[in-house]
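Written out below as structure tokens is the structure these notes cover.
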Amino acid sequence: MKKPLQLTVNGEPKQILVEPYSSLLDMLRDEFRLTGTKKGCDEGDCGACTIFLNGKSVTSCMVLAHSAHDSEVITIEGLGKSDGMHPVQQAFVDYGGLQCGFCIPGLIMSATAFLNEHPDPTEEEVRFGIGGNLCRCTGYNKVVEAVLAAARDMNSKR
């Protein structure tokens, strides 16, 4: 039996009825049609479903929707601003960090969370910071270049 849930998604208050067993990932994709967050392994191992829950990055496939009651959720769709992309999103475009696109939303969310905590990382730190995200299409070099470029861009605006 569905139960009421209220939360804020990408800055908008939401109220919805959700099954108690529904994951946050499934709710975001199926109920709110926020399909930028991808369903990869459904076991928390690939990082494709990474979102921000109350400011922290989480794999949304491992979070029950109801545990996000009264919480703030940011998905890839809510990361940028109305006047343009987030610097990490823009760097992925500028540096060719995009391949098939399946893992990219999760990589961008993880990289953004990483840069929020490590604003001036080394290449090795970036590789470790995005290590929970799997990509079958790339050797990660362009992704790492994009994250380092985003760090420089974000630091120049501080």
query: With N residues in the range 3-77, what two-decimal value do you get for its Cα radius of gyration over 2.2 N^0.38 Å?
result: 0.96
query: Using the C-alpha atoms of the range 54-112, what convex hull volume per residue, in cubic angstrom, is computed?
result: 91 Å³
- line: One finds the C-alpha centres of the range 30-66 and the range 1-24 to be spaced, in Å, by 14 Å
- line: Dividing the alpha-carbon radius of gyration of the range 62-158 by 2.2 N^0.38 Å, where N counts its residues, gives 1.09
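Note down the net charge around Gln15, summing +1 for each Lys or Arg and -1 for each Asp or Glu among other residues with Cβ under 15 Å from its Cβ.
Neighbourhood net charge equals -1.
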message: To make sure I understand, if each residue's beta carbon is the centre and we count other beta carbons within 10 Å, what order do Ser22, Ser82 fall in, fewest to most?
response: Ser82, Ser22
query: What helices does the chain hold that run 18 Å or longer along their axis, going by alpha-carbon atoms, with a Kyte-Doolittle average of 0.5 or more, using DSSP H for the helix calls?
result: 104-117
Linear extension gain, Cys41 paired with Glu117, 0.36 nm per residue minus alpha-carbon span: 24.7 nm
query: Mind checking which lysines have their C-alpha under 18 Å from Lys3, skipping anything on the same chain fewer than 8 residues away?
result: Lys14
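How do Asp70, Asp83 rank when sorted from fewest to most other Cβ atoms within 10 Å of their own Cβ? Walk me through the numbers before you get to the answer.
On the way: Asp70 9, Asp83 5.
Neighbour counts put them in this order, fewest first: Asp83, Asp70.
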query: Can you work out the FRET efficiency for the pair Met62 and Gln99, with r the C-beta to C-beta distance and R0 = 30 Å, to the nearest 0.05?
result: 0.75
- prompt: With each label point set 7 Å from Cα along the Cα-Cβ vector, what nm distance links Asp153 and Leu17?
  reply: 4.4 nm
message: Less than 18 Å from a label point 7 Å out along the Cα-to-Cβ axis of Lys3: which backbone N atoms in the range 20-53 qualify, by residue?
response: 20-28
statement: Relative contact order of the chain (C-alpha contacts under 8 Å, at least 6 apart) in percent is 23 percent
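Arranged by the count of other C-beta atoms within 10 angstrom, fewest first, what order do Arg152, Arg29, Arg158 take?
Arg158, Arg152, Arg29
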- prompt: Quick one: putting +1 on the C-beta of Lys and Arg, -1 on the C-beta of Asp and Glu, what dipole do you get for the chain around its Cα centre, in Debye to the nearest 20?
  reply: 240 debye
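No value in this document is a laboratory result; all are computed from the given coordinates. The structure displayed is predicted, hence computed values, not measured ones. Reconstructed Cβ throughout: ideal geometry from the backbone, glycine too, with neighbour counts over all protein chains shown.
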